[in-house]
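In what follows, a single structure is set out as structure tokens and then discussed.
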Amino acid sequence: QVQLVESGGGLVQPGGSLRLSCAASGSIFSIYGMGWYRQAPGKQRELVAGITSGGSINYADSVRGRFTISRDSAKKMVYLHMNSLKPEDTAVYYCNADLSTKATMMAQRYWGQGTQVTVSS
């Protein structure tokens with residue numbers, strides 16, 4: 001069984017910062033890409049940032065220059081540092097990982113349960 005657990009969400013004022021963390025655990029053979037998506041009320045889930053096992057990174061245009069994604073492969077963790085937060089960044093943020101388990105050895109995408117980020121004065 002694989003679990004992704006996010007932490008670090010909360011309420012922050014516009015212009016503030018937050019750091020989200022996501023820890024992967026379970027019978028994992030290998031983790032390929034990890035990333036963050038978000039879903040605002042009434043909107044579709046969208047990619048925020050992703051990072052591959054080789055360190056390649058991509059960002060949504062709306063967050064580039066304000067958000068930074070990083071990962072600690074040894075700890076099976078991915079982070080999202082969010083600066084200069086705006087009200088439009090308000091959403092549930094989901095961690096994802098493309099990984100293979102020891103049981104199947106096949107790559108699949110797994111999701112965390114989500115963490116709420118609210119940017120409001």
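The values are calculated or read from the model by the stated rules, or taken from the named source; none is laboratory data. Just so you know, these numbers come straight off a predicted model, no measurement behind them. When we count neighbours, we look across all protein chains shown, and the Cβ atoms used for this are built from the backbone with ideal geometry, even at glycine. Areas reflect the complete protein model, heavy atoms only, side chains present, ligands, DNA and RNA absent. Shrake-Rupley method; radii C 1.70, N 1.55, O 1.52, S 1.80 Å.
Looking at Thr115, Thr104, can you tell me which residue is at pLDDT 95 or above and hydroxyl-bearing (Ser, Thr, Tyr)?
Numbers: Thr104 fails: at pLDDT 95 or above.
Thr115 is the lone residue from the list that is at pLDDT 95 or above and hydroxyl-bearing (Ser, Thr, Tyr).
Residue-by-condition table, conditions (1) buried (at least 17 other Cβ atoms within 10 Å of the Cβ); (2) in a strand (DSSP E or B); (3) on the phi > 0 side of the Ramachandran plot; (4) under 17 Å from the mean Cα position of the chain (by Cα):
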| position | (1), (2), (3), (4) |
| --- | --- |
| Val92 | yes, yes, no, yes |
| Met105 | no, no, yes, no |
| Gln113 | no, no, no, yes |
| Val117 | yes, yes, no, yes |
| Ser121 | no, no, no, no |
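Looking only at residues in the range 54-64 that are open to solvent by 30 Å² or more (accessible area, probe 1.4 Å) and closer than 15 Å to Tyr79 by Cβ, the one that is farthest from the chain's Cα centre (by Cα) is Gly55.
Looking only at the range 30-53, how many residues end up being open to solvent by less than 70 Å² (accessible area, probe 1.4 Å), assigned to a loop (DSSP other than H, G, I, E, B) and without any contact (Cβ under 8 Å) to a residue 40 or more places away in the chain? Break it down stepwise before answering.
Applying the first criterion (open to solvent by less than 70 Å² (accessible area, probe 1.4 Å)) to the range 30-53 yields 30-31, 33-40, 47-52.
Those left that are additionally assigned to a loop (DSSP other than H, G, I, E, B): 40, 52.
Restricting the remaining residues to those that are without any contact (Cβ under 8 Å) to a residue 40 or more places away in the chain gives 52.
Residues in the range 30-53 being open to solvent by less than 70 Å² (accessible area, probe 1.4 Å), assigned to a loop (DSSP other than H, G, I, E, B) and without any contact (Cβ under 8 Å) to a residue 40 or more places away in the chain: 1 in total.
For the range 12-29, the candidate set comprises residues that are within 12 Å of Asp89 (Cβ to Cβ) and part of a strand (DSSP E or B); within that set, the residue that is farthest from the chain's Cα centre (by Cα) is Val12. Of the residues that make up the range 99-116, is at least one of a type outside the set (A, V, I, L, M, F, W, C), over 18 Å from Gln1 (Cα atoms) and free of Cβ contacts under 8 Å to residues at least 12 places away in the same chain? No: zero hits.
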